[in-house]
(Lines give C-alpha, C1' and ligand atoms only; values in the text may rest on other atoms or scores of the structure.)
Protein backbone atom coordinates (compact mmCIF):
# COMPACT_ATOMS: atom_id res chain seq x y z
CA UNK A 1 0.00 0.00 0.00
CA UNK A 2 1.86 3.12 -1.26
CA UNK A 3 1.33 6.36 0.65
CA UNK A 4 1.92 9.78 -0.90
CA UNK A 5 2.69 13.20 0.57
CA UNK A 6 2.72 16.75 -0.71
CA UNK A 7 5.47 18.65 1.11
CA UNK A 8 4.95 22.42 1.05
CA UNK A 9 7.90 23.80 3.02
CA UNK A 10 9.71 27.12 2.48
CA UNK A 11 12.31 26.41 5.19
CA UNK A 12 15.14 24.58 3.39
CA UNK A 13 16.59 23.02 6.55
CA UNK A 14 13.19 21.77 7.76
CA UNK A 15 12.40 20.45 4.27
CA UNK A 16 15.60 18.39 4.20
CA UNK A 17 14.79 16.80 7.57
CA UNK A 18 11.20 16.03 6.56
CA UNK A 19 12.33 14.55 3.23
CA UNK A 20 14.74 12.22 5.08
CA UNK A 21 11.95 11.10 7.38
CA UNK A 22 9.50 10.51 4.52
CA UNK A 23 12.09 8.42 2.66
CA UNK A 24 12.79 6.33 5.76
CA UNK A 25 9.06 5.73 6.24
CA UNK A 26 8.68 4.74 2.54
CA UNK A 27 6.20 7.56 1.88
CA UNK A 28 6.57 8.93 -1.63
CA UNK A 29 6.57 12.71 -1.68
CA UNK A 30 6.39 15.66 -4.00
CA UNK A 31 8.18 18.81 -2.80
CA UNK A 32 6.43 22.03 -3.74
CA UNK A 33 7.54 25.15 -1.81
CA UNK A 34 5.40 27.44 -3.98
CA UNK A 35 1.96 27.83 -2.36
CA UNK A 36 0.13 28.75 -5.57
CA UNK A 37 1.53 25.69 -7.31
CA UNK A 38 0.69 23.54 -4.28
CA UNK A 39 -2.97 24.60 -4.46
CA UNK A 40 -3.03 23.53 -8.13
CA UNK A 41 -1.49 20.14 -7.32
CA UNK A 42 -4.05 19.56 -4.56
CA UNK A 43 -6.80 20.20 -7.08
CA UNK A 44 -5.22 17.77 -9.55
CA UNK A 45 -4.15 14.78 -7.47
CA UNK A 46 -5.12 12.93 -4.31
CA UNK A 47 -2.48 12.82 -1.54
CA UNK A 48 -2.57 10.84 1.70
CA UNK A 49 -0.96 13.63 3.71
CA UNK A 50 -0.27 17.33 3.28
CA UNK A 51 2.74 18.71 5.20
CA UNK A 52 2.77 22.50 5.14
CA UNK A 53 5.16 25.14 6.47
CA UNK A 54 4.94 28.76 5.35
CA UNK A 55 6.50 32.15 5.95
CA UNK A 56 3.24 33.27 7.55
CA UNK A 57 0.32 31.55 9.22
CA UNK A 58 -2.01 33.40 6.84
CA UNK A 59 -0.56 31.54 3.85
CA UNK A 60 -0.80 28.23 5.68
CA UNK A 61 -4.43 28.89 6.64
CA UNK A 62 -5.32 29.84 3.07
CA UNK A 63 -3.82 26.64 1.68
CA UNK A 64 -5.60 24.55 4.32
CA UNK A 65 -8.88 26.22 3.37
CA UNK A 66 -8.27 25.45 -0.31
CA UNK A 67 -7.48 21.84 0.61
CA UNK A 68 -10.69 21.35 2.59
CA UNK A 69 -12.72 22.84 -0.27
CA UNK A 70 -11.19 20.50 -2.87
CA UNK A 71 -12.98 17.32 -3.87
CA UNK A 72 -9.81 15.22 -4.00
CA UNK A 73 -8.16 16.21 -0.72
CA UNK A 74 -10.98 17.44 1.49
CA UNK A 75 -10.30 14.63 4.02
CA UNK A 76 -6.53 14.33 3.54
CA UNK A 77 -4.43 14.13 6.71
CA UNK A 78 -2.83 17.54 7.37
CA UNK A 79 0.43 18.23 9.22
CA UNK A 80 1.34 21.84 10.03
CA UNK A 81 4.92 22.89 10.86
CA UNK A 82 4.76 25.90 13.18
CA UNK A 83 7.10 28.03 15.28
CA UNK A 84 4.70 28.83 18.13
CA UNK A 85 1.19 28.72 19.54
CA UNK A 86 -0.19 31.45 17.27
CA UNK A 87 -3.26 30.32 15.27
CA UNK A 88 -3.03 26.73 16.59
CA UNK A 89 -6.69 26.58 17.56
CA UNK A 90 -7.72 28.06 14.22
CA UNK A 91 -5.60 25.48 12.43
CA UNK A 92 -7.31 22.67 14.30
CA UNK A 93 -10.68 24.11 13.23
CA UNK A 94 -9.46 23.98 9.61
CA UNK A 95 -8.81 20.26 9.94
CA UNK A 96 -5.12 20.07 10.89
CA UNK A 97 -4.43 16.63 12.35
CA UNK A 98 -0.78 16.92 13.45
CA UNK A 99 1.35 19.86 14.52
CA UNK A 100 5.17 19.76 14.48
CA UNK A 101 7.03 22.55 16.25
CA UNK A 102 10.22 24.21 15.02
CA UNK A 103 13.10 23.68 15.04
CA UNK A 104 12.34 20.42 13.26
CA UNK A 105 14.56 17.73 14.79
CA UNK A 106 14.99 14.41 12.99
CA UNK A 107 14.00 12.16 15.91
CA UNK A 108 10.92 14.20 16.76
CA UNK A 109 9.79 14.40 13.14
CA UNK A 110 10.34 10.67 12.69
CA UNK A 111 8.24 9.87 15.77
CA UNK A 112 5.45 12.20 14.69
CA UNK A 113 5.25 11.11 11.06
CA UNK A 114 5.48 7.45 12.03
CA UNK A 115 2.32 7.99 14.07
CA UNK A 116 0.76 9.87 11.15
CA UNK A 117 1.65 7.00 8.80
CA UNK A 118 -0.16 4.54 11.09
CA UNK A 119 -3.30 6.69 10.89
CA UNK A 120 -2.96 7.05 7.10
CA UNK A 121 -2.62 3.31 6.61
CA UNK A 122 -5.58 2.57 8.84
CA UNK A 123 -7.78 5.09 7.05
CA UNK A 124 -6.67 3.99 3.60
CA UNK A 125 -7.24 0.32 4.45
CA UNK A 126 -10.61 0.67 6.17
CA UNK A 127 -12.12 3.61 4.39
CA UNK A 128 -11.24 3.16 0.74
CA UNK A 129 -13.58 5.61 -0.94
CA UNK A 130 -14.79 6.34 -4.43
CA UNK A 131 -15.09 9.96 -5.48
CA UNK A 132 -18.66 10.74 -6.48
CA UNK A 133 -20.71 13.80 -7.30
CA UNK A 134 -24.39 12.98 -6.88
CA UNK A 135 -27.33 14.99 -5.65
CA UNK A 136 -29.42 13.65 -2.78
CA UNK A 137 -32.50 14.55 -0.81
CA UNK A 138 -32.26 14.21 2.96
CA UNK A 139 -34.86 14.04 5.74
CA UNK A 140 -34.13 14.37 9.44
CA UNK A 141 -36.22 15.13 12.51
CA UNK A 142 -39.05 17.35 11.23
CA UNK A 143 -37.12 18.51 8.15
CA UNK A 144 -37.72 16.87 4.80
CA UNK A 145 -36.60 17.08 1.17
CA UNK A 146 -33.46 19.11 1.93
CA UNK A 147 -30.85 19.14 -0.84
CA UNK A 148 -27.34 17.75 -0.34
CA UNK A 149 -24.40 16.57 -2.46
CA UNK A 150 -22.44 13.33 -2.03
CA UNK A 151 -18.65 13.86 -2.06
CA UNK A 152 -17.26 10.35 -1.66
CA UNK A 153 -18.62 6.90 -0.86
CA UNK A 154 -17.48 3.75 0.97
CA UNK A 155 -19.07 0.47 2.04
CA UNK A 156 -19.99 1.76 5.47
CA UNK A 157 -20.32 5.51 5.09
CA UNK A 158 -19.91 8.62 2.97
CA UNK A 159 -18.97 12.29 3.00
CA UNK A 160 -21.82 14.67 2.28
CA UNK A 161 -21.92 18.40 1.62
CA UNK A 162 -25.02 19.60 3.47
CA UNK A 163 -24.23 23.29 3.14
CA UNK A 164 -25.44 24.02 6.67
CA UNK A 165 -24.92 23.11 10.31
CA UNK A 166 -26.66 19.85 11.17
CA UNK A 167 -27.85 18.64 14.59
CA UNK A 168 -24.78 16.66 15.73
CA UNK A 169 -26.66 13.48 16.73
CA UNK A 170 -29.06 13.41 13.80
CA UNK A 171 -30.24 10.22 12.19
CA UNK A 172 -30.60 11.15 8.52
CA UNK A 173 -32.59 9.52 5.73
CA UNK A 174 -31.13 9.71 2.23
CA UNK A 175 -32.41 9.13 -1.26
CA UNK A 176 -30.04 9.46 -4.23
CA UNK A 177 -29.07 7.92 -7.56
CA UNK A 178 -25.46 7.09 -8.37
CA UNK A 179 -23.88 7.75 -11.79
CA UNK A 180 -24.76 5.18 -14.45
CA UNK A 181 -27.47 3.60 -12.28
CA UNK A 182 -31.19 3.72 -13.02
CA UNK A 183 -32.53 2.90 -9.55
CA UNK A 184 -32.53 5.15 -6.50
CA UNK A 185 -30.78 4.22 -3.26
CA UNK A 186 -32.58 4.71 0.06
CA UNK A 187 -30.79 4.36 3.37
CA UNK A 188 -30.40 5.92 6.79
CA UNK A 189 -27.23 7.01 8.54
CA UNK A 190 -25.83 8.67 11.63
CA UNK A 191 -23.88 11.92 11.46
CA UNK A 192 -20.49 11.22 13.09
CA UNK A 193 -18.57 14.43 12.28
CA UNK A 194 -19.02 17.76 10.55
CA UNK A 195 -16.84 20.75 9.77
CA UNK A 196 -17.21 24.51 9.48
CA UNK A 197 -18.01 24.31 5.75
CA UNK A 198 -21.24 22.30 6.05
CA UNK A 199 -19.58 19.01 5.12
CA UNK A 200 -20.21 15.95 7.28
CA UNK A 201 -19.36 12.29 7.61
CA UNK A 202 -22.22 9.80 7.73
CA UNK A 203 -22.00 6.22 8.97
CA UNK A 204 -24.64 3.92 7.50
CA UNK A 205 -27.21 2.49 9.92
CA UNK A 206 -29.98 0.84 7.88
CA UNK A 207 -29.31 -0.14 4.27
CA UNK A 208 -31.97 -2.29 2.52
CA UNK A 209 -30.66 -5.22 0.47
CA UNK A 210 -31.51 -3.63 -2.86
CA UNK A 211 -29.68 -0.44 -1.92
CA UNK A 212 -26.70 -2.41 -0.58
CA UNK A 213 -26.36 -4.18 -3.93
CA UNK A 214 -26.43 -0.87 -5.81
CA UNK A 215 -23.72 0.51 -3.50
CA UNK A 216 -21.55 -2.60 -3.91
CA UNK A 217 -21.93 -2.54 -7.70
CA UNK A 218 -20.87 1.10 -7.85
CA UNK A 219 -17.86 0.61 -5.55
CA UNK A 220 -16.73 -2.51 -7.40
CA UNK A 221 -16.67 -0.49 -10.62
CA UNK A 222 -15.06 2.64 -9.20
CA UNK A 223 -12.50 1.47 -6.60
CA UNK A 224 -9.13 -0.13 -7.44
CA UNK A 225 -9.35 -3.89 -7.12
CA UNK A 226 -6.93 -3.92 -4.16
CA UNK A 227 -9.06 -1.37 -2.29
CA UNK A 228 -12.30 -3.26 -2.92
CA UNK A 229 -10.76 -6.44 -1.49
CA UNK A 230 -9.39 -4.68 1.58
CA UNK A 231 -12.63 -2.85 2.30
CA UNK A 232 -14.66 -6.04 2.00
CA UNK A 233 -12.40 -7.78 4.51
CA UNK A 234 -12.65 -4.96 7.04
CA UNK A 235 -16.39 -4.44 6.72
CA UNK A 236 -17.11 -7.98 7.84
CA UNK A 237 -15.66 -7.25 11.27
CA UNK A 238 -15.70 -3.48 11.70
CA UNK A 239 -18.75 -2.24 9.84
CA UNK A 240 -20.12 -0.28 12.80
CA UNK A 241 -16.88 1.57 13.62
CA UNK A 242 -17.42 5.38 13.50
CA UNK A 243 -15.57 7.16 10.73
CA UNK A 244 -13.55 9.57 12.83
CA UNK A 245 -10.02 10.94 12.63
CA UNK A 246 -8.03 11.97 15.67
CA UNK A 247 -6.16 15.26 15.70
CA UNK A 248 -2.62 14.92 17.05
CA UNK A 249 -0.27 17.60 18.36
CA UNK A 250 3.42 17.40 19.16
CA UNK A 251 2.95 20.12 21.75
CA UNK A 252 3.96 19.44 25.33
CA UNK A 253 0.90 21.34 26.53
CA UNK A 254 -2.70 20.37 26.05
CA UNK A 255 -5.29 22.92 24.99
CA UNK A 256 -7.87 23.46 27.70
CA UNK A 257 -10.94 22.90 25.55
CA UNK A 258 -9.65 19.92 23.56
CA UNK A 259 -10.49 16.35 24.44
CA UNK A 260 -7.44 14.16 25.16
CA UNK A 261 -7.32 10.41 24.77
CA UNK A 262 -4.66 7.73 24.66
CA UNK A 263 -3.74 6.18 21.31
CA UNK A 264 -1.72 3.01 20.86
CA UNK A 265 -0.51 4.30 17.48
CA UNK A 266 1.41 7.17 19.07
CA UNK A 267 3.01 5.55 22.13
CA UNK A 268 6.43 5.77 20.48
CA UNK A 269 6.25 9.54 20.75
CA UNK A 270 5.81 10.43 24.43
CA UNK A 271 5.06 14.06 23.54
CA UNK A 272 2.09 13.26 21.31
CA UNK A 273 -1.32 14.24 22.58
CA UNK A 274 -4.58 13.40 20.84
CA UNK A 275 -7.06 16.20 20.42
CA UNK A 276 -10.60 16.02 19.15
CA UNK A 277 -10.90 17.40 15.60
CA UNK A 278 -14.58 18.19 15.85
CA UNK A 279 -15.40 21.57 17.38
CA UNK A 280 -18.50 21.83 19.53
CA UNK A 281 -20.30 24.79 17.97
CA UNK A 282 -23.59 25.95 19.42
CA UNK A 283 -26.62 24.80 17.46
CA UNK A 284 -28.37 27.74 15.84
CA UNK A 285 -31.86 26.28 16.14
CA UNK A 286 -34.35 28.13 18.25
CA UNK A 287 -35.49 24.93 19.99
CA UNK A 288 -33.18 22.71 21.98
CA UNK A 289 -33.30 19.16 20.71
CA UNK A 290 -32.47 16.05 22.73
CA UNK A 291 -31.30 12.75 21.31
CA UNK A 292 -33.10 10.14 23.39
CA UNK A 293 -34.63 6.68 23.14
CA UNK A 294 -37.94 6.20 24.95
CA UNK A 295 -40.32 3.30 24.48
CA UNK A 296 -43.72 4.53 23.29
CA UNK A 297 -46.95 3.58 21.53
CA UNK A 298 -48.44 5.57 18.69
CA UNK A 299 -52.07 5.45 17.52
CA UNK A 300 -53.52 6.85 14.36
CA UNK A 301 -56.31 9.16 15.52
CA UNK A 302 -59.65 7.32 15.55
CA UNK A 303 -58.17 3.82 15.90
CA UNK A 304 -57.35 1.70 18.94
CA UNK A 305 -54.53 -0.27 17.31
CA UNK A 306 -51.21 0.41 19.10
CA UNK A 307 -47.96 0.63 17.14
CA UNK A 308 -44.95 0.07 19.37
CA UNK A 309 -42.17 2.51 18.57
CA UNK A 310 -39.14 4.38 19.89
CA UNK A 311 -39.35 8.12 20.52
CA UNK A 312 -36.17 10.01 19.54
CA UNK A 313 -34.94 13.54 18.81
CA UNK A 314 -37.29 15.35 21.18
CA UNK A 315 -37.94 19.12 21.25
CA UNK A 316 -40.69 21.36 22.56
CA UNK A 317 -42.23 21.38 19.09
CA UNK A 318 -42.11 17.74 18.12
CA UNK A 319 -40.27 14.43 18.05
CA UNK A 320 -39.23 11.57 15.82
CA UNK A 321 -40.73 8.08 16.14
CA UNK A 322 -38.82 5.08 14.84
CA UNK A 323 -41.46 2.65 13.55
CA UNK A 324 -41.41 0.26 10.59
CA UNK A 325 -44.87 1.26 9.26
CA UNK A 326 -45.16 5.04 9.68
CA UNK A 327 -48.41 6.90 9.01
CA UNK A 328 -48.74 9.03 5.85
CA UNK A 329 -47.74 12.69 6.02
CA UNK A 330 -50.57 14.84 7.33
CA UNK A 331 -52.05 12.08 9.50
CA UNK A 332 -53.13 12.86 13.05
CA UNK A 333 -51.55 10.71 15.74
CA UNK A 334 -51.62 10.15 19.48
CA UNK A 335 -48.46 9.14 21.32
CA UNK A 336 -48.42 7.32 24.65
CA UNK A 337 -45.11 7.60 26.51
CA UNK A 338 -44.43 5.59 29.66
CA UNK A 339 -41.50 5.90 32.04
CA UNK A 340 -41.02 4.65 35.58
CA UNK A 341 -42.23 8.01 36.86
CA UNK A 342 -45.03 9.05 34.51
CA UNK A 343 -47.44 8.24 31.74
CA UNK A 344 -48.12 10.94 29.14
CA UNK A 345 -50.39 11.19 26.12
CA UNK A 346 -49.43 13.63 23.36
CA UNK A 347 -51.12 14.58 20.11
CA UNK A 348 -49.56 15.68 16.86
CA UNK A 349 -49.45 15.64 13.07
CA UNK A 350 -47.09 13.61 10.87
CA UNK A 351 -44.76 16.04 9.09
CA UNK A 352 -42.39 13.55 7.44
CA UNK A 353 -42.90 9.83 6.75
CA UNK A 354 -40.06 7.42 5.92
CA UNK A 355 -41.32 3.88 5.16
CA UNK A 356 -39.25 1.29 6.97
CA UNK A 357 -37.70 3.87 9.28
CA UNK A 358 -40.10 6.20 11.07
CA UNK A 359 -41.88 9.57 11.04
CA UNK A 360 -41.47 13.10 12.31
CA UNK A 361 -44.30 14.42 14.49
CA UNK A 362 -45.19 18.07 15.17
CA UNK A 363 -46.96 18.40 18.52
CA UNK A 364 -50.43 19.98 18.75
CA UNK A 365 -50.47 21.92 21.99
CA UNK A 366 -53.91 23.45 22.26
CA UNK A 367 -54.43 23.23 26.01
CA UNK A 368 -52.39 24.02 29.08
CA UNK A 369 -52.48 20.34 30.05
CA UNK A 370 -50.89 19.37 26.73
CA UNK A 371 -48.20 22.03 27.07
CA UNK A 372 -47.49 20.86 30.63
CA UNK A 373 -47.18 17.27 29.41
CA UNK A 374 -44.53 18.20 26.85
CA UNK A 375 -42.67 20.29 29.41
CA UNK A 376 -42.73 17.41 31.88
CA UNK A 377 -41.34 15.04 29.26
CA UNK A 378 -38.66 17.55 28.25
CA UNK A 379 -37.63 18.04 31.87
CA UNK A 380 -37.34 14.28 32.31
CA UNK A 381 -35.20 13.86 29.16
CA UNK A 382 -33.11 16.96 29.88
CA UNK A 383 -32.14 15.58 33.29
CA UNK A 384 -30.49 12.56 31.65
CA UNK A 385 -29.47 13.82 28.19
CA UNK A 386 -27.30 16.60 26.76
CA UNK A 387 -29.07 18.83 24.21
CA UNK A 388 -27.97 18.42 20.59
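The values are calculated or read from the model by the stated rules, or taken from the named source; none is laboratory data. Computed from a prediction, not measured in an experiment: that's the story for all the values here. Every residue, glycine among them, receives a Cβ derived from its backbone with ideal geometry; neighbour counts consider all protein chains shown.
The table for this structure:
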item	result
Index of the failed condition, residue 83 passing every other in (1) out of contact with any strand residue (DSSP E or B) (no Cβ under 8 Å at 6 or more places or on another chain); (2) over 30 Å from residue 149 (Cα atoms); (3) without any contact (Cβ under 8 Å) to a residue 24 or more places away in the chain	(1)
Criterion: buried (at least 17 other Cβ atoms within 10 Å of the Cβ), in contact with a strand residue (DSSP E or B) (Cβ under 9 Å, 6 or more places away or on another chain) and farther than 26 Å from residue 205 by Cα - qualifying residue of 374, 350, 337	374
Hits in segment 162-187 - residues which are buried (at least 18 other Cβ atoms within 10 Å of the Cβ) and not in a loop (DSSP other than H, G, I, E, B)	171, 172, 173, 174, 176, 185, 186, 187
Residue ranges of strands (runs of 3 or more DSSP E) in segment 307-388 with at least 1 members in contact with a helix residue (DSSP H, G or I) (Cβ under 9 Å, 6 or more places away or on another chain), outside the structural domain of residue 143 (by TED's automatic domain parsing) and modelled with pLDDT of 90 or more	343-354, 358-363
Residue match in segment 85-97 (condition: touching a helix residue (DSSP H, G or I) at 6+ places or on another chain (Cβ under 8 Å) and either at pLDDT 85 or above or part of a strand (DSSP E or B) (or both))	no
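Okay, residues lined up against (1) in a helix (DSSP H, G or I); (2) more than 18 Å from the chain's Cα centre (by Cα); (3) crowded, with 20+ Cβ neighbours inside 10 Å:
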site	(1), (2), (3)
60	yes, yes, yes
64	yes, yes, yes
74	no, no, no
80	no, yes, yes
103	no, yes, no
109	yes, yes, yes
112	yes, yes, yes
